[in-house]
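The values are calculated or read from the model by the stated rules, or taken from the named source; none is laboratory data. Not measured: the values here are computed from a predicted model. A quick note on method: Cβ atoms are made from the backbone with ideal geometry, for glycine too, and the neighbour counts reach across all protein chains shown. Ligands, DNA and RNA are excluded from the accessible area calculation, which covers all protein heavy atoms including side chains. Shrake-Rupley method; radii C 1.70, N 1.55, O 1.52, S 1.80 Å.
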Amino acid sequence: MISDAGTPRRGLLTMEQLRVAVGEGEIDTVVLAFTDMQGRLAGKRLSAEFFLDEVAEHYSEGCNYLLAVDVDMNTVDGYAMSSWDRGYGDFVLVPDMGTLRHVPWHEATVMVIADLTWLDGAPVLASPRQILKAQIARLAERGLVALAGTELEFVVYRDSYEEAASKGYRDLIPANAYNVDYSILGTSRIEPLLRRIRLGMAGAGMYVESAKGECNLGQHEIAFRYAEAVTTCDNHSIYKTGAKEIAAQDGMSITFMAKPNAREGNSCHIHLSVRSASDGAPVMAGSGGYGMSKLGEHFLAGLLDSMRELTLCYAPNINSYKRYVPGSFAPTSVRWGPDNRTCALRLVGHGPSLRVENRTPGGDVNPYLAVAAMIAAGLHGIDHELPLEPPVTGNAYNDTDVRVPHTLRDALELWEKSGLARQAFGAEVVEHYANYARVELAAYDAAVTDWELRRGFERL
């Protein structure tokens, strides 16, 4: 990431700087990581010497089952690219040296994000970063570039992750005992942890903007400056893992679950704008209604038109859909509105800052998939010159005509039938992530939940 002054941000390194730091004994570990289907960082820790000698200009290898397991790392059936029948071979982790950065919350450690390819150099199509890069390439063909920002909420508990697990994730102690939305007093109760996270991310090359309290008990948000779309998603994934690691070091825990309890869920609002690749002009802004250009209207219309069929990219888990509750600031109606937080799509800003905010994703979202879906949807609107429907200026929760899918099962059905998804991402990607959803649904359908026990153990 480049700063406004045109110089690399503090925390990012060049290869030469890494060589010097390793030679002087300041760095001894390199984390080589990629983001998996579930949005988690996966990879390995390499000795810095080995990384410089063997990996930096070549690659490392990892088992291809890393894009074909469930959240518990169980091998599951149904993935064409990886299975027992195919022998669970390797794919290749190619370091993107432009992402090389310090990891201040781990001693003498740096990290680099990897792209996934096969041994012949072909991209692993189901890799989230490669899915996003493919959509970025489609934008580039039209002389356009995407800028994105993600607003990721989380809930902090004073229990460690081990304590939370031993308690069955019940009766946890939230970091705040009341709603601390915008409260300076309330956020000060947990400022030492929030500050550690902010400073850690700044030291890893990110531009931290702010931190604020949110509505759920112990809920907070740290905001970062927007950047080119792939950079934003890289930073999002590193931040999400780093925040958990820093909390664990302090004996606390953080959850990004979309709906961790009956109160307000964790959102991940995604802001997206499209600009000219040649001069950075904000091509979505213009002299039309609400400050939009025709291209901006078509882009927004495409997002609306494809919202339901691409919801699997915005809400990938069973729990994701429990967040969509009327009056909760999570959307239920697929509508748009200028500065209207009751809509799925909110138009924000003016002139150069004009952008669309997608309020559908929760904190469990895989950012690469969500931003890729937004770009594909916007291009769909541009290519077909879709007309933009009138905005909602009142309460969109009252609109029940076009709803966000109610469950993961509903979203899966729409995804599998989507011609746009197959055209934009290809059949291999569509089937891969359909299988992801089928695996989650099968596991959920087989589970006996606390809800069932409470209602049925004695009384039924």
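Close amide H partners of ASP159, meaning residues 5 or more places away or on another chain with modelled amide H under 5 Å apart, are ILE173, SER253. Taking amide H positions as modeled 1.01 Å from N, with prolines and chain starts lacking one, the residues under 5 Å from SER267 and 5 or more places away or on another chain are GLU153, GLY363. Separation of the stretch 174-234 from the stretch 43-79 is 30 Å, based on Cα centroids. Of the accessible area of the stretch 91-215, computed with a 1.4 Å probe over protein heavy atoms only, carbon and sulfur atoms account for 56 percent. Sorting 159-165, 204-210 by their mean Cβ neighbour count within 10 Å, with the most densely packed peptide first, gives 204-210, 159-165. About its Cα centre, the dipole of the chain is roughly 1300 debye, where the only charges are +1 on Lys and Arg Cβ and -1 on Asp and Glu Cβ. Taking all C-alpha pairs of the stretch 376-451, those more than 15 Å from each other amount to 70 percent.
Near MET257: Cβ cut-off under 11 Å, other residues only, Lys/Arg at +1 and Asp/Glu at -1. The net charge is +1. For the chain, the number of Lys pairs with C-alpha atoms closer than 26 Å, counting only pairs eight or more positions apart or on separate chains, is 20. Measuring spread by the Cα atoms of the stretch 58-163 yields a radius of gyration and Dmax of 17.6, 52 Å.
Pairwise alpha-carbon distances in the stretch 315-374 exceed 12 Å for 67% of all pairs.
Summarised as an ellipsoid, the stretch 205-311 has semi-axes of 32, 19, 13 Å, derived from the eigenvalues of the Cα gyration tensor scaled by 5 and square-rooted, with the largest first. Ligands, DNA and RNA excluded, the heavy atoms of ASP85 present near 150 Å² of accessible surface to a 1.4 Å solvent probe. Close amide H pairs (under 5 Å, H built 1.01 Å from N) link THR342 with ALA396, residues at least 5 positions away or on another chain. For the stretch 406-460, the per residue solvent-accessible surface stands at 64 Å², with DNA, RNA and ligands left out and a 1.4 Å probe. Take 130-137, 385-392, 104-111 and order them by the average number of nearby Cβ atoms within 10 Å per residue, most first; the result is 130-137, 104-111, 385-392.
Taking a ≥ b ≥ c as the square roots of the eigenvalues of the alpha carbon gyration tensor, the stretch 302-460 is oblate, as a/c is not under 1.5 and a/b does not beat b/c. The mean sequence distance of close C-alpha pairs (under 8 Å, at least 6 residues apart), as a share of the length of the stretch 329-460, puts its relative contact order at 22 percent.
Based on C-alpha pairs under 8 angstrom that are at least 6 apart in sequence, the stretch 10-54 has a relative contact order of 32 percent. Only one residue of HIS380, VAL365, ALA396 has its Cα farthest out toward the positive end of the dipole of the stretch 365-431, where Lys and Arg carry +1 and Asp and Glu -1 on Cβ, and that residue is VAL365. When each of the peptides 301-312, 224-235, 347-358 is scored by the mean number of other C-beta atoms lying within 10 Å of its residues, the order from highest to lowest reads 301-312, 224-235, 347-358. Rounded to the nearest 500, the helix-only mean residue ellipticity at 222 nm of the chain stands at -9500 deg cm²/dmol, with each DSSP H run of n ≥ 4 adding -39,500 (n - 2.57). From the square roots a ≥ b ≥ c of the eigenvalues of the alpha-carbon gyration tensor of the stretch 271-351, which class results: rounded (a/c under 1.5), prolate (a/b over b/c), or oblate? Because a/c hits 1.5 or more and a/b exceeds b/c, the stretch 271-351 counts as prolate.
Work out the P(r) tail for the chain: percent of alpha carbon pairs separated by more than 28 Å, whole number. In whole percent, the long-distance tail amounts to 52.
Please label the shape of the stretch 128-194 as rounded, prolate or oblate, based on the square roots a ≥ b ≥ c of the eigenvalues of the alpha-carbon gyration tensor (a/c under 1.5 means rounded; beyond that, a/b larger than b/c means prolate, else oblate). Oblate, because a/c is 1.5 or more while a/b does not exceed b/c. Two tests apply to each whole DSSP H helix in the chain, Cα reach of 15 Å or more along its axis and mean Kyte-Doolittle hydropathy of at least -1.0, and the ones passing both are 128-141, 191-203, 229-249, 294-306, 367-383, 427-446. Each Cα pair under 8 Å and six or more residues apart adds its separation to the average, and for the chain the resulting relative contact order is 15 percent. The residues packed around LEU172, meaning those with a beta-carbon under 14 Å from its beta-carbon, carry a net charge of 0 if Lys and Arg are +1 and Asp and Glu are -1.
Over all other residues within a Cβ to Cβ distance under 14 Å of GLU61, the charged ones net out to -3, with Lys and Arg as +1 and Asp and Glu as -1. Across the stretch 313-324, coupling constants 3J(HN,Hα) worked out from phi with the 6.51/-1.76/1.60 Karplus curve, θ = phi - 60°, read 6, 9, 9, x, 10, 3, 5, 4, 7, 7, 7, 7 Hz, and Gly and Pro carry x.
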